[in-house]
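A.B. asks: Next up is a structure, given as structure tokens.
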């Protein structure tokens, strides 16, 4: 295939590429799980208003993510098309995370919500500058079907490490920093340092990774997006992943509320529950790699999604008096979630070859940007849905909660994600890039003039 590498990547290249996703997942999970909680329980913002405040910054991603992909596709530098953004975007990304958790002193609840919303928009933009080029690198680094699963497994192991750090260590770091606003400020400083460091490690460690050169002529941005919508496997995969990411976004935003108001456990129980969930997901990534190599990505992913759907729905019936059962359910839920971490991101590069067969262009950036926009919009709807569910259930920020809150949390945290994941099977049924079809696509590309 012109301009593509079939060789196996070194362990060091895979390792340092994977480390790069620690930064992105610290941002995704910390904001997804705790920014709504920060607004409601530290800044005293009404949950419905807080949820809306976190939605509007994400609407900007619909434009910024594909645009960033288009920019990276056209970038010329001695570091390649994608890596310069890991170098020059690392510090701004870290700084934007710090300012996001600086509690404003406004008396107005609305002003506090708007303040956080504006800084969240800034943080999302900094995230886009790093994450879209980073995500585009897989399709450039290898064209081998199974090697992409392997490379993605490294990425997702470290994505889970970042998510684990964000999910399990936020409350201890906030407590270590004195709790409340000062605690969140302390937490943000620690995580910002990790964000900067992991981006730079990824930049340095992937210096020998294969890259594809920019073509001399690239269509305008709008035309490229229109062409992308003719890529049926990509559109079906994006639609399916959007529903799944929406389910995960609701789960992340509702997790701490489920632990606190349904299971009647202290907030610090998240230091046990979330690591159990994420460590299980990390441990099972190599298992899913083997299953995917044996059964194919599509069949393996269907199994993982079905398991996730079954277990998240089962939490609706978990009695408060049986925390042991709850922990077992969370462990099995992590097994299903592990497949969500791995397979979609190893399928996305395959759709780029399908596009190259149709258009003759290598447009990793545009496709990764559109993918990222859909992912972030889905995640951003999570706090909105949870916020409105809490408001309808009678939630009172900082007060004693009525029994209706527990039932409302069960519905939004358990049943809503299960239904949405089931809906994702509809478009996923039309995704048909099997290993055999992918190899045929590569053969057709290799026979085309460069």
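A.B. asks: Output yes when any residue across segment 32-54 is in contact with a helix residue (DSSP H, G or I) (Cβ under 6 Å, 6 or more places away or on another chain), within 23 Å of residue 201 (Cα to Cα) and at pLDDT 85 or above, and no when none is.
C.D. replies: Looking through segment 32-54, none of the residues is in contact with a helix residue (DSSP H, G or I) (Cβ under 6 Å, 6 or more places away or on another chain), within 23 Å of residue 201 (Cα to Cα) and at pLDDT 85 or above.
A.B. asks: Look at residue 242 and say whether it is without any contact (Cβ under 8 Å) to a residue 60 or more places away in the chain and either over 24 Å from residue 50 (Cα atoms) or touching a helix residue (DSSP H, G or I) at 6+ places or on another chain (Cβ under 8 Å) (or both).
C.D. replies: So residue 242 fails the test.
A.B. asks: Which residues, counting only those in segment 95-119, are assigned to a helix (DSSP H, G or I) and within 14 Å of residue 189 (Cβ to Cβ)? So that I can check it myself, show each step before the final result.
C.D. replies: Quick first cut of segment 95-119, residues assigned to a helix (DSSP H, G or I) only: 95-100, 109-119.
Hits for segment 95-119 are 95, 96, 97, 98, 99, 100.
A.B. asks: Could you check residue 266 against (1) loosely packed, with under 15 Cβ neighbours inside 10 Å; (2) without any contact (Cβ under 8 Å) to a residue 40 or more places away in the chain; (3) within 21 Å of residue 348 (Cβ to Cβ) and say which number it fails?
C.D. replies: In the conditions (1) loosely packed, with under 15 Cβ neighbours inside 10 Å; (2) without any contact (Cβ under 8 Å) to a residue 40 or more places away in the chain; (3) within 21 Å of residue 348 (Cβ to Cβ), residue 266 misses (3) alone.
A.B. asks: Just one of (1) surrounded by fewer than 23 Cβ atoms within 10 Å (Cβ to Cβ); (2) on the phi < 0 side of the Ramachandran plot trips up residue 366, so point out which.
C.D. replies: It fails just one condition, (1).
A.B. asks: Hey, can you tell me all the residues within segment 289-300 that are closer than 22 Å to residue 417 by Cα and without any contact (Cβ under 8 Å) to a residue 60 or more places away in the chain? Steps first, answer last, please.
C.D. replies: So in segment 289-300, the residues closer than 22 Å to residue 417 by Cα come out as 298-300.
Matches in segment 289-300: 299, 300.
A.B. asks: Whether any residue in segment 338-351 is at pLDDT below 95 and over 30 Å from residue 136 (Cβ atoms) is what I want to check. Full working, then the answer.
C.D. replies: To start, the set of residues in segment 338-351 that are at pLDDT below 95 comprises 338-351.
When the remaining residues are screened for being over 30 Å from residue 136 (Cβ atoms), the result is none.
No - not one qualifying residue is present in segment 338-351.
A.B. asks: A follow-up question, please. What about residue 442, is it surrounded by fewer than 23 Cβ atoms within 10 Å (Cβ to Cβ), touching a residue at least 12 places away in the same chain (Cβ under 8 Å) and part of a helix (DSSP H, G or I)? Show your work before the answer.
C.D. replies: Working: surrounded by fewer than 23 Cβ atoms within 10 Å (Cβ to Cβ): yes; touching a residue at least 12 places away in the same chain (Cβ under 8 Å): yes; part of a helix (DSSP H, G or I): yes.
Yes.
A.B. asks: Given the condition crowded, with 23+ Cβ neighbours inside 10 Å, closer than 17 Å to residue 65 by Cα and touching a residue at least 60 places away in the same chain (Cβ under 8 Å), answer yes or no: does some residue in segment 93-105 qualify?
C.D. replies: So far as segment 93-105 goes, yes, one or more of its residues are crowded, with 23+ Cβ neighbours inside 10 Å, closer than 17 Å to residue 65 by Cα and touching a residue at least 60 places away in the same chain (Cβ under 8 Å).
To keep it simple, each residue is scored yes or no on (1) over 15 Å from the mean Cα position of the chain (by Cα); (2) at pLDDT below 90; (3) over 26 Å from residue 61 (Cα atoms).
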| site | (1), (2), (3) |
| --- | --- |
| 135 | no, yes, no |
| 169 | yes, yes, yes |
| 186 | yes, no, yes |
| 191 | yes, no, no |
| 200 | yes, no, no |
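A.B. asks: Does residue 409 fit the bill of being in contact (Cβ under 8 Å) with a residue 40 or more places away in the chain, crowded, with 19+ Cβ neighbours inside 10 Å, more than 30 Å from residue 211 (Cα to Cα) and over 25 Å from the mean Cα position of the chain (by Cα)?
C.D. replies: Numbers: in contact (Cβ under 8 Å) with a residue 40 or more places away in the chain: yes; crowded, with 19+ Cβ neighbours inside 10 Å: yes; more than 30 Å from residue 211 (Cα to Cα): yes; over 25 Å from the mean Cα position of the chain (by Cα): no.
No, not satisfied.
The values are calculated or read from the model by the stated rules, or taken from the named source; none is laboratory data. Computed from a predicted structure; not experimentally measured. Ideal geometry is used to build each Cβ from the backbone, glycine not excepted, and the neighbour counts take in all protein chains shown.
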